[in-house]
Amino acid sequence: MARMNLAEVAPEVYKAWMAAEVAIRRGPLDATVRELVKIRVSQLNGCLFCIDMHTTEARKEGETEQRIYHLNAWRESALFTAAERAALEYAEQATELGPHGVSDEAWEGVEKHFDEGQRGGLVAVTAQINMWNRLGVPLRMEPLPH
């Protein structure tokens, strides 16, 4: 059971985060890329709640089981487009934030495949899912029954 229900104990903050989520969803970033990033970042952060939520959401958006299964090893899989690979590389580097942050090469890949608005959406969704993971993991949030 979760340690707390943040929506109940901090409703104003939670509402603001949900408003940001709605804005990201309405933005120009492709829904498939958005959900792939959310799943991959959640895998890196070990957030079961978000992995469950976003694999379900990805399936609703038309994502295949095989691509979801391959996501953890996307570099080895031929199932992802160049744009998806650029987004996943950026998301991984932005999540792990090594001593040099996101490499110029990763950013150049993003610039090659995404226009300015889409890049903004990619940066936003990556930051947002990292924030949700940093709530879900320490609060021990569990997936809802399907």
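The values are calculated or read from the model by the stated rules, or taken from the named source; none is laboratory data. None of these values were measured; they are calculated from a predicted model. With ideal geometry, Cβ positions are generated from the backbone for all residues, glycine too; neighbour counts draw on all protein chains shown. These accessible areas exclude ligands, DNA and RNA; they are computed on the full protein's heavy atoms, side chains included. Shrake-Rupley method; radii C 1.70, N 1.55, O 1.52, S 1.80 Å.
Solvent-accessible area of region 19-61 (1.4 angstrom probe, protein heavy atoms only): carbon and sulfur portion equals 55 percent. In the chain, helices alone account for a calculated mean residue ellipticity at 222 nm of -21500 deg cm²/dmol, with every DSSP H run of four or more residues adding -39,500 (n - 2.57). The long axis of helix 116-136 is offset from the longest Cα principal axis of the chain by roughly 40 degrees.
Computed with every protein chain present, the accessible area of residue 25 is close to 110 Å² [probe 1.4 Å]. The long axis of helix 11-26 is offset from the longest Cα principal axis of the chain by roughly 30 degrees.
Annotation: peptides 81-88, 70-77, 6-13, ranked by per-residue average of other Cβ atoms within 10 Å with the highest first, follow the order 81-88, 70-77, 6-13.
A convex hull fitted around the alpha carbon atoms of region 11-146 yields 118 Å³ per residue. At an R0 of 25 angstrom, the distance between the Cβ atoms of residue 64 and residue 10 translates into a FRET efficiency of 0.10. Using the 1.4 Å probe convention, the accessible area of region 5-95 works out to 50 Å² per residue with neighbouring protein chains retained.
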